[in-house]
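Presented below is the structure to which this report refers.
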Amino acid sequence: MLIVATIIFYGKPGCKGNARQRAILEASGHEVDARSLSAEPWSGERLRSFFGDLPVADWFNPSAPRVAKGEIRPETLDAGSALALLVAEPLLIRRPLLEANGQRLAGWDPDRIAAWVGLNPDLDPAVSCGHHGGHHHHDHDHGQDHGHDHGQDHGHDHGHDHHHDHDGSCRAR
């Protein structure tokens, strides 16, 4: 059953993947309050509340340049060090961060979001370019499969030259 909610959506302004994710939420009947992830005054404690039981490495956007280049290796960090980095550099944070009904989530995971606030079952949530961790396998209208390869190009038009990482996030190249 669809639960209509007001969802605070922390994303990156201008990111077409985030725009598609917001559109899916709105088409599912939700009101979306879009906010800039980088403009928000984060504290470690508040930010931590979005990550739930996710491993520390999954708190990071794998497409962030410092992560992609190996300057930051999230899998080697403890929670305190990770939160300090994320608060200092919000673009390192996995997007989007979602808040509704007193709960918070990090990342675009259509199954978790559908169970939480509901998504329109007639929509393909994978067109948003954001399935989490490569665990979801969806067919798309353009006939391409997201697969599990890092850096695979999925043919989405994001208005810039880029490719998608395993979690569907885009990275300019």
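The values are calculated or read from the model by the stated rules, or taken from the named source; none is laboratory data. As the structure is a computational prediction, the values presented were derived from the model and not from experiment. With ideal geometry, Cβ positions are generated from the backbone for all residues, glycine too; neighbour counts draw on all protein chains shown. To get the accessible areas, we keep the full protein, side chains included, count just its heavy atoms, and leave off ligands, DNA and RNA. Shrake-Rupley method; radii C 1.70, N 1.55, O 1.52, S 1.80 Å.
A compact table of results
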read-out	value
From the options H160, H146, H135, H142, residue that is surrounded by 13 or more Cβ atoms within 10 Å (Cβ to Cβ), of a type outside the set (D, E) and modelled with pLDDT under 90	H146
When residues of region 60-99 are limited to those that are in contact (Cβ under 8 Å) with a residue 12 or more places away in the chain and of a type in the set (K, R), the one nearest to R48 (Cα to Cα)	R94
Given (1) assigned to a loop (DSSP other than H, G, I, E, B); (2) of a type outside the set (D, E, K, R); (3) surrounded by 15 or more Cβ atoms within 10 Å (Cβ to Cβ); (4) modelled with pLDDT of 95 or more, index of the condition G52 fails	(3)
Evaluation of L91 against (1) modelled with pLDDT of 95 or more; (2) out of contact with any helix residue (DSSP H, G or I) (no Cβ under 7 Å at 6 or more places or on another chain); (3) surrounded by 13 or more Cβ atoms within 10 Å (Cβ to Cβ) (one fails), failing number	(1)
Scan of region 94-127 for residues that are outside any helix (DSSP H, G or I) and open to solvent by 70 Å² or more (accessible area, probe 1.4 Å), ordered by number	N101, G102, Q103, R104, P121, D122
A57 vs. criteria over 18 Å from the mean Cα position of the chain (by Cα) and either of a type in the set (A, V, I, L, M) or not in a helix (DSSP H, G or I) (or both)	no
Looking only at region 1-40, and only at residues there that are in contact (Cβ under 8 Å) with a residue 60 or more places away in the chain and assigned to a strand (DSSP E or B), the one that is most open to solvent (accessible area, probe 1.4 Å)	T6
Failed item in (1) at pLDDT below 95; (2) surrounded by 15 or more Cβ atoms within 10 Å (Cβ to Cβ); (3) of a type in the set (A, V, I, L, M), with A57 passing the rest	(1)
